[in-house]
Amino acid sequence: MEDLGRIYQLIIPVMGHNITLNLDVILMTWIVIALLLVFGYLTVRNRGVRPHGLQILGEMFVSQLYALTEDALDKEMAKKYAPLITALFMFLLLCNWIGMIPHMHEPTKDLNTPLSLGIMGFFIAHYAGIKSKGIKQYLKEYCEPIFLMAPLNVIGELSKIISISFRLFGNIMGGAIIVLVVSYLVYSIILPPFLIAFFSIFIGAIQAFVFTMLTVVYISVQVK
């Protein structure tokens, strides 16, 4: 985790407006995706009845997250959404852990990443709700208990995006700031490596799990 103020940007002019791309976040996201693809390939390359190390790890992720998804939804819907939930958790976990590697940065330290995932989960949840209940019943629920509550119900749904996104962003960014400040105070001796391990491994895993489970809960609320 290096200087938080150092941001490499690419500015693209489009129709009189500038589109700014954070190259650090894009690069780190691509690296995370590439690592997950390599992990998936190595996991299934020599799969067998007697699983090897990577196959055991991969099956552990899939089976545990499938079971959690099945508990929140039903068995039939778990078949549809468990792959998404598994991929989301593994992506967030690696995003939160990659900052332990020198010169690497957590993509989730940039608000755009958790906000994008929060918006994605929001649309998936409401799509699942419309598909499960039908558009008439789906819209009717916004008018409960009375029609005047509809604007508040809409605001309540939109606030879930802010809640889930800022929780992840705040914890990862807060951890990075604490490590940076303490590193300058004690000149990176003893304590900062412990803090990096704590915030990256422990907090990173918890926040990835919380974000993933909240996404499952939002889908469950919409379909039931």
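Listing for the model above:
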item: F39/Y184 FRET efficiency (R0 45 Å; Cβ-Cβ; nearest 0.05); result: 0.80
item: Principal-axis tilt of helix 150-186 within the chain, Cα atoms, nearest 10 degrees; result: 10
item: Sorted peptide list for 201-209, 56-64, criterion being average Cβ within 10 angstrom, highest first; result: 201-209, 56-64
item: Helical mean residue ellipticity (222 nm; -39500 (n - 2.57) per DSSP H run of 4+; nearest 500) of the chain; result: -24000 deg cm²/dmol
item: Top positive-direction residue, dipole computed over the chain with Cβ charges, set G99, P151, S220; result: S220
item: Per-bin percent of Cα-Cα distances, region 43-147 [10 Å]; result: 12, 29, 32, 19, 7, 2
item: Crossing angle, helix 23-45 versus the chain [Cα axis fit, 0-90 degrees, rounded to tens]; result: 80
item: In degrees, nearest ten, helix 112-133 long axis to first principal axis of the chain (Cα); result: 20
item: Spatial separation of Cα centroids for region 194-217 and region 47-71, in angstrom; result: 20
item: Global form of region 9-223, assessed from the alpha-carbon gyration tensor, a/c cut-off 1.5; result: oblate
item: Net charge over other residues, Cβ less than 12 angstrom from the Cβ of I31 (K, R count +1; D, E count -1); result: -2
item: Relative contact order, percent, the chain [alpha-carbon distance under 8 Å, six or more residues apart]; result: 25
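Each value in this text was obtained by applying a stated rule to the coordinates, not by laboratory testing. Note that the structure is predicted; figures quoted are calculated from it, not measured. Every residue, glycine as well, gets a Cβ built from its backbone with ideal geometry; the counts of neighbours run over all protein chains shown.
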